Amino acid sequence: MSRNRSKFEDQTLRRVPTEFVRWLVTALIITAPIFSLAQTQTMGHQTNVPEPRSEGWSRVREFVRAGYPIMNLHVHLKGGLTVEQAVAESERTGVRYGIAINVGLGFPTTNDHAVLEWLQMVRPYPVYCAIQAEGREWVRLIRPETAARFDYIFTDAMTWTDRRGRCMRLWIPAEVHVEDPEEFMDTLVERTVEIIEKEPIDILANPSYLPAALMDHYDQLWTPSRIQRVVDAMARHGVAMEINARTRLPRWPMLRAAKAAGLKFSFGTNNPGAEIGDLNYALEAIQELGLRPEDLFTPRPWGQRACDRKPWPTQASPSNNGNAELSPAPRL
Ligand SMILES: [Zn+2]
């Protein structure tokens, strides 16, 4: 009898913790959404925003206090990043953002309707809205009236057709052909200048970018005369130079030439995922080049943007081969 009782008590003792654990798990499952909601509200939609890695945000605040318009004008809603999260990070870091939609063949957005739908989503927020023009065909995909609803337009010289008729996207190694690096560079400079001259862009992004195969020779290939040709074209057409803080491009010789030519500089990180990234290289450039607040680009008032000043390109440029076969490819 006493043995039975003892067995009964043993089972009870074992059951109590098991049932307690079951109860605890059930309680947690039921209340989890409530805690999660409370946390979201407390954090003001900042959940899932990666913490800024950089110690440089206090420096950003110092520059802002000194009158520098510190902006990251090359931000994408990638990797699940929402506008709300971008706005929250902008408030936390003191950096104003320009958020860009990629428009071009091989990209999800290729027409007026899709572009305007995106604009409608982003416009209500305290960010600039921009178009990152892709490839050379973008001017045929959307109407000038559509482009004119954005605060600024930028592009880069990373998609063009070489002298042998091959369309290349420089960030995709399989598409890059370099038989002769000197010829490649001359073509790159020629195409870059054509883009600056013909396309209604406010900023040249990713300046001096080279395909991976040539990156080791960057300093030799970007000769002073090649740099000067690009910089002079930008000066003639009032195009600002992006300082890309993620790739740390362009390097100092091109930045110094740009400063000497009186170009304005914009900062960008071109985030490939939800982490927007820091502006440390751009802040270094302010000090290294002795930039003043007025040397930094700010989106121009409507009426003074490139799309207001320049005619909309109607003819295909030599770098525009109308290649409609560009396959979708993740943008660098
Ligand atoms: Zn981009």
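The values are calculated or read from the model by the stated rules, or taken from the named source; none is laboratory data. Here the structure is a predicted model, which is why all the values come from computation and not from measurement. With ideal geometry, Cβ positions are generated from the backbone for all residues, glycine too; neighbour counts draw on all protein chains shown.
Residues in the stretch 246-276 that are farther than 26 Å from SER225 by Cβ and free of Cβ contacts under 8 Å to residues at least 40 places away in the same chain: ARG246 only. Scanning the stretch 139-194 for residues that are assigned to a helix (DSSP H, G or I), touching a Lys or Arg at 6+ places or on another chain (Cβ under 9 Å) and among the hydroxyl-bearing types (Ser, Thr, Tyr) yields THR187, THR192. Of all the criteria given as (1) surrounded by 14 or more Cβ atoms within 10 Å (Cβ to Cβ); (2) touching a residue at least 40 places away in the same chain (Cβ under 8 Å), the one not satisfied by PRO173 is (1).
Just for the stretch 276-298: of the residues that are in contact with a Ser or Thr (Cβ under 9 Å, 6 or more places away or on another chain) and of a type outside the set (A, V, I, L, M), which one is nearest to the ligand (Cβ to nearest atom)? Within the stretch 276-298, the match that is nearest to the ligand (Cβ to nearest atom) is GLY277. Do we find that GLU242 is within 22 Å of ILE196 (Cβ to Cβ) and within 16 Å of the ligand (Cβ to nearest atom) in this structure? Yes. Inspect all residues belonging to the stretch 110-126 and state whether any of them is within 30 Å of VAL178 (Cα to Cα) and surrounded by 17 or more Cβ atoms within 10 Å (Cβ to Cβ). Yes, the stretch 110-126 contains a residue that is within 30 Å of VAL178 (Cα to Cα) and surrounded by 17 or more Cβ atoms within 10 Å (Cβ to Cβ). GLU197 satisfies every condition listed in (1) closer than 21 Å to VAL103 by Cβ; (2) crowded, with 21+ Cβ neighbours inside 10 Å; (3) more than 22 Å from the chain's Cα centre (by Cα) except (2).
Of ALA213, ALA147, all but one fail to be in the same structural domain as ARG248 (by TED's automatic domain parsing), surrounded by fewer than 21 Cβ atoms within 10 Å (Cβ to Cβ), small (Gly, Ala, Ser) and away from the ligand (no atom under 16 Å from the Cβ); the exception is ALA213.
Only one of these is on the phi > 0 side of the Ramachandran plot, assigned by TED's automatic domain parsing to the domain that holds ARG300 and buried (at least 21 other Cβ atoms within 10 Å of the Cβ): GLY165, GLY135. Name it.
Unique residue meeting the criteria: GLY135.
The number of residues in the stretch 67-121 being within 16 Å of the ligand (Cβ to nearest atom), in a loop (DSSP other than H, G, I, E, B) and of a type in the set (A, V, I, L, M) comes to 3.
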